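Read through the structure below, which is laid out as structure tokens, and then see the notes.
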Amino acid sequence: MRPPDFEYELAEDVQGAVSALAQGESVMAIAGGQSLIPLLRLRIARPSRVVDIGRVPGLTGISVSDESTELGALVTTADVAASDDISRSNPLWTEAARVIADPLVRNLGTVGGNLAHADPLNDLPAALVASRGEVLAEGPNGVRTIASDDLFVSPFTTSLEPGELITRLIVPGSPSGAYEKLKRAAADYGVVAVAVQLDIGDGGDIRSAGVSLSGTSAVAPRSNRAEQTLVGTNGGDDVIEGAALAAAEDADLAADERGSIRYKRAVVGALAARALRRAIARGNG
Amino acid sequence: MTDITVTVNGVSRAVSCSPSTLLVHLLREELQLTGTHVGCDTSHCGACTVVMDGRAVKSCTVLAPQAHGRSVTTVEGLAEDGRLDPLQEAFADHFALQCGFCTSGFLMAAKAFLDTNPSPDEEQVRKAISGNLCRCTGYQHIVDAMLAVAEGTT
Ligand SMILES: Cc1cc2nc3c(=O)[nH]c(=O)nc-3n(C[C@H](O)[C@H](O)[C@H](O)COP(=O)(O)OP(=O)(O)OC[C@H]3O[C@@H](n4cnc5c(N)ncnc54)[C@H](O)[C@@H]3O)c2cc1C
Ligand code: FES
Ligand code: FES
């Protein structure tokens, strides 16, 4: 189908976008369009006006240090997937970006849009929660920081206020991260996926742990019990098994065309163990 | 209506259209470039793939105004002076098409990929076309054609 008609406005700066978006609920932002345009074509989204933030200056740029990865909201998932700096200092984000959709979608889809869309099947929300990142948001009341645990409210709903835009992602970096996802087909969303980000000390002790899921009923839930199982240990096989089991048991799953609850639970457990093994090996490597 | 200027296959084209127009419809209906196909409603099939500013994208998932000021290459822009692009030759030589519906999309995804990765391995080639569906060939001949171009053995 073709999208319904709407008015179109090209935002020239963040301020302009914010004031255009604050006009009402039927005004929607478009960044890469890779989630919004399919919804327009299926006529699930029916905005009266679309504000194109895709050319707003200042929302691009990747800056990486050992401590953190900072991404402008308009950075594409293809750019994240291809960045050697990110792959060195924050492999969780590289691995998550590389399994998003397919290369064509990644060429246009943005990191800000991937989070703001809050699709429980999207991959970057789980990466953000596991790495305890935060986003900078700018809206009619100014700029604020939103922690990953406070960003996702429910499927397709974030805590962004009307008119508020994600402008930047700030993600603590760690070499001890990994992302595991099971897909039915290359260009499809995943069945489930597991994001892991650990902070491992020189002696191999796990000082902090982040574990989050994609493909569950909630958006990027944190696996608290899995994290508690890991922290303070050396991440041996029994710890990995225990943490993976906890992540699987606590996952709130629903049966659909991608699989039954039992099947998905088994997959969460297997992927969690795999991601943890890789993250721990990287931390000790 | 919005006024849009897009460079299509090297030629600047000015079009006035509704902002809800998809790039694929702008190409097919306003510019009569019907080599770019529409195979689905859900942005999954890649039959509509074109190269925009050097990157392969699904033209059914780009609004016409998002393409304003950009440079778009479609399958019609591959041949030069009536001579097929080596990729097109390789697709023919390797039987990389049967019904041909998906072919223009594959060609454009392959073009953008090989332009930036001139000597890929088979796994990279397979990943590069993972956004394109073909219901006929089983993909192997498409992979063979792309590798032949990369290796210069066409
Ligand atoms: C076939 C297909 C398969 C896909 N598979 C996956 C997958 O496996 N994993 C995955 O993670 N994603 C997947 N996606 C989604 C894709 O990654 C999208 O690009 C992403 O979800 C949205 O980013 P965008 O820039 O395209 O956002 P848009 O589509 O432009 O916008 C999406 C929503 O976010 C809002 N928005 C955008 N940017 C901002 C901002 N900076 N601040 C506030 N609000 C904003 C928009 O108003 C809109 O509501 C798939 C998409 C397709 C078409
Ligand atoms: S027509 Fe199917 S992806 Fe564009
Ligand atoms: S040749 Fe028929 S779909 Fe690919």
Restricted to the stretch A:76-114 and to residues being touching a residue at least 60 places away in the same chain (Cβ under 8 Å), under 30 Å from residue B:106 (Cα atoms) and outside any helix (DSSP H, G or I), the residue farthest from the chain's Cα centre (by Cα) is A:102
Lone qualifier among A:164, A:138 - being open to solvent by 30 Å² or more (accessible area, probe 1.4 Å), acidic (Asp, Glu) and either within 14 Å of chain B (Cβ to nearest Cβ) or over 14 Å from the mean Cα position of the chain (by Cα) (or both) | A:138
If you scan the stretch B:72-117, which residues turn out to be assigned to a loop (DSSP other than H, G, I, E, B) and within 14 Å of ligand 3 (Cβ to nearest atom)?
-> B:94, B:95, B:96, B:97, B:98, B:99, B:100, B:101, B:102
Checking residue B:96 against (1) away from chain A (no Cβ under 14 Å); (2) more than 16 Å from residue B:130 (Cα to Cα); (3) small (Gly, Ala, Ser); (4) open to solvent by less than 10 Å² (accessible area, probe 1.4 Å), the condition it does not meet = (2)
Of the conditions (1) open to solvent by 50 Å² or more (accessible area, probe 1.4 Å); (2) in a helix (DSSP H, G or I); (3) not basic (Lys, Arg), residue A:57 fails just one. Which one is it?
-> (2)
Give the residue that is surrounded by the most Cβ atoms within 10 Å (Cβ to Cβ), with candidates limited to residues of the stretch A:1-30 that are facing another protein chain (nearest Cβ under 10 Å) and part of a loop (DSSP other than H, G, I, E, B).
-> A:3
Of the residues that sit in the stretch A:66-93 and are more than 14 Å from chain B (Cβ to nearest Cβ) and within 23 Å of residue A:188 (Cβ to Cβ), which one is nearest to ligand 2 (Cβ to nearest atom)?
-> A:80
With criteria (1) at the interface with chain B (Cβ under 9 Å from one of its Cβ atoms); (2) under 21 Å from residue A:107 (Cα atoms); (3) surrounded by fewer than 20 Cβ atoms within 10 Å (Cβ to Cβ), residue A:37 comes up short on (3)
Would you pick out the residues in the stretch B:123-154 that are open to solvent by 80 Å² or more (accessible area, probe 1.4 Å) and either more than 14 Å from residue B:94 (Cβ to Cβ) or within 16 Å of ligand 2 (Cβ to nearest atom) (or both)?
-> B:123, B:124, B:126, B:127, B:135
Taking only the stretch B:102-122 into account, find how many residues are open to solvent by less than 20 Å² (accessible area, probe 1.4 Å) and acidic (Asp, Glu).
-> 0
With respect to the numbered conditions (1) open to solvent by 10 Å² or more (accessible area, probe 1.4 Å); (2) within 30 Å of residue B:44 (Cα to Cα), which one is the sole condition not fulfilled by residue A:197?
-> (2)
Is one or more of the residues making up the stretch B:99-115 more than 15 Å from the chain's Cα centre (by Cα), modelled with pLDDT of 95 or more and more than 16 Å from ligand 1 (Cβ to nearest atom)?
-> yes
Long-range neighbours under 6 Å by Cβ, at least six apart or interchain, first residue within 11 Å of chain A (Cβ to nearest Cβ) within the stretch B:18-30, second open to solvent by less than 10 Å² (accessible area, probe 1.4 Å) and of a type in the set (A, V, I, L, M) | B:21/B:64; B:23/B:62; B:23/B:64; B:23/B:67
Identify the single condition in (1) touching an Asp or Glu at 6+ places or on another chain (Cβ under 8 Å); (2) assigned to a strand (DSSP E or B); (3) open to solvent by less than 10 Å² (accessible area, probe 1.4 Å) that residue A:71 does not satisfy, given that it satisfies every other one.
-> (1)
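The values are calculated or read from the model by the stated rules, or taken from the named source; none is laboratory data. Quick caveat, the model's predicted, so the values are computed rather than measured. Backbone-built Cβ (ideal geometry, glycine too); neighbour counts: all protein chains shown. For the accessible areas, the whole protein counts, side chains as well, though only heavy atoms, and no ligand, DNA or RNA atoms are used. Shrake-Rupley method; radii C 1.70, N 1.55, O 1.52, S 1.80 Å.
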